[in-house]
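Each remark here refers to the structure printed beneath this line.
The values are calculated or read from the model by the stated rules, or taken from the named source; none is laboratory data. Just so we're clear, the structure is a prediction, and the values are computed from it rather than from any experiment. Neighbour counts run over all protein chains shown; Cβ positions are idealised from the backbone, glycine included. Accessible surface is based on the protein model in full, side chains and every heavy atom, while ligands, DNA and RNA are left aside. Shrake-Rupley method; radii C 1.70, N 1.55, O 1.52, S 1.80 Å.
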Amino acid sequence: MKRNNVVPEKKFVFAKAKPLISIITLNWNQTEITCQFLESTKHLLYKNYEILVCDMGSAADPTARIAAGNFPNTRILKTEAYTESTINWAVKEAKGDFILLINNHIEVTENLLDDLLTPFQTNHSLGVTCPKIRSFHKKNIIQYAGYNALNRITGRNTIIGNKKEDKGQYDRPLYTHGAYSGTMLIKKSIIEHPDMLPQHFFTYFDDSDISARILKKGYKILYQPKAVVYNKNPLISSPKSAIHVYYATRNHILFMRRNSNLLQFSIFLSFFAFYTVPATIIKFSVKRQFVHIQSFFKGIWWNIRMKPAV
């Protein structure tokens, strides 16, 4: 891949001893989980950060509960509902030179910010650093140690190290093909590029899409194993409800539309039409989940009537 299209980045950031990091997490009816995440941030050794908790119209206002926790440098942003532009809106509110996008079901370790930030000091081609992710419930089980390259036929990629015991086999930093959007540190100057956080991706394939955009800009994504977080949820989850099937289908096709050339997309469509469609119909028919089949085809139809992907 050519790297000569990297946009020159301002290097004044590290003239500052400790650049400001904006930590952004979302909350929707999970105030207790969010407070557990915030509690873990109290142990961060790197202190020049702000936390933006974006509440998306929770049934119960989380303000009082979060305020009672006395969490340092924390602001609550409120929107009426979970929309496709929530992250874009939150990024505009952030004041930091770097943005840490992190799920609220993650718990951090004390050196996380230092370890994610350090590689940026000497490597100006970096756009993103990602930590090693372990299971919260089985502390020595890895969930993420980078991504393998995208399979252009299936339109999917696989996670390195997922569900394997951590024996130190993934303790070397490496450039990876994808970031996990649930915990990623990114330069704000990059994330502010037009369409870097497109509105249509807010679940399913959001990390694949932003990774593809970052790599296309000529930046690198670094897996940094010294940085560790613990995740309370499975990293890979199958769609459980009809609405999840809709978004998984819709975004899968949209991702390939946006990030494939004509030949690659034609190959993907052939595989999708002759394998994915019949396999999905059979799977949901056997389970008598006919609403799921409707949602699957609604996801396809959304792409048919959608204007060319941008």
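Quick notes
- For Thr74, the residues whose modelled amide H falls within less than 5 Å of its own, excluding neighbours fewer than 5 places apart on the same chain, are Ile51.
- Within the full protein context, the accessible area of Thr63 is estimated at about 50 Å² for a probe radius of 1.4 Å.
- Counting only Cβ charges, +1 for Lys and Arg and -1 for Asp and Glu, the dipole size of segment 57-185 around its Cα centre is about 440 debye.
- Segment 31-110: C-alpha gyration tensor shape, a/c 1.5 cut-off, then a/b vs b/c: oblate
- Counting only protein heavy atoms and a 1.4 Å probe, the chain has 50 square angstrom of accessible area per residue.
- Flagged links, alpha-carbon separation over 22 Å, of Lys95/Lys187; Lys138/Lys188; Lys187/Lys226: Lys138/Lys188
- Report summary: the helix-based calculation at 222 nm, which adds -39500 (n - 2.57) for every DSSP H run with n ≥ 4 and divides by the residues of the chain, gives -9500 deg cm²/dmol.
- Prolate/oblate/rounded call for segment 203-249, Cα gyration tensor, a/c under 1.5 rounded: oblate
- Between the amide H of Tyr144 and those of Ile133, distances stay under 5 Å, these residues lying 5 or more places away or on another chain, with hydrogens modeled in the peptide plane.
- The mean sequence distance of close C-alpha pairs (under 8 Å, at least 6 residues apart), as a share of the length of the chain, puts its relative contact order at 19 percent.
- Cut-off of 10 Å, at most 16 other beta carbons, DSSP loop: longest stretch of the chain lacking such GluC sites (Glu not before Pro): 193-310
- Virtual spin-label span in nm between Arg305 and Glu110, 7 Å along Cα→Cβ: 5.6 nm
- Identified option (computed Cα extents along the principal axes in Å; candidates (i) 63, 43, 37; (ii) 55, 49, 42; (iii) 68, 65, 35): (ii)
- The charge dipole of the chain, taken about its Cα centre with unit charges on the Cβ of Lys, Arg, Asp and Glu (plus for the first two, minus for the last two), comes to roughly 880 debye.
- What separates the Cα centres of segment 243-282 and segment 96-136 is a distance of 31 Å.
- Around the Cα centre of segment 139-284, unit charges on the Cβ atoms of Lys, Arg, Asp and Glu (plus for the first two, minus for the last two) sum to a dipole of about 140 debye.
- Whether segment 87-147 is rounded, prolate or oblate, judged on the alpha carbon gyration tensor where a/c under 1.5 counts as rounded: oblate
- Modelled spin-label separation between Lys283 and Ile141, with each label point placed 7 Å from Cα along the Cα-to-Cβ direction: 2.1 nm.
- The chain: most fluctuating residue of Ile210, Ile221, Ile243 per GNM, C-alpha cutoff 10 Å: Ile243
- DSSP beta bridges in the chain [antiparallel fraction, %, rounded to 5]: 40 percent
- Shown here for segment 41-131: trypsin sites (Lys or Arg not before Pro) in loop regions (DSSP other than H, G, I, E, B) with at most 11 other Cβ atoms within 10 Å, namely Lys47, Lys95.
- Among Ser58, Phe274, His137 the positive-end extreme of the charge dipole of the chain (Cβ point charges): Phe274
- Positive-end residue, the chain charge dipole about Cα centroid, Cβ charges, pick of Asn233, Tyr175, Asn259: Asn259
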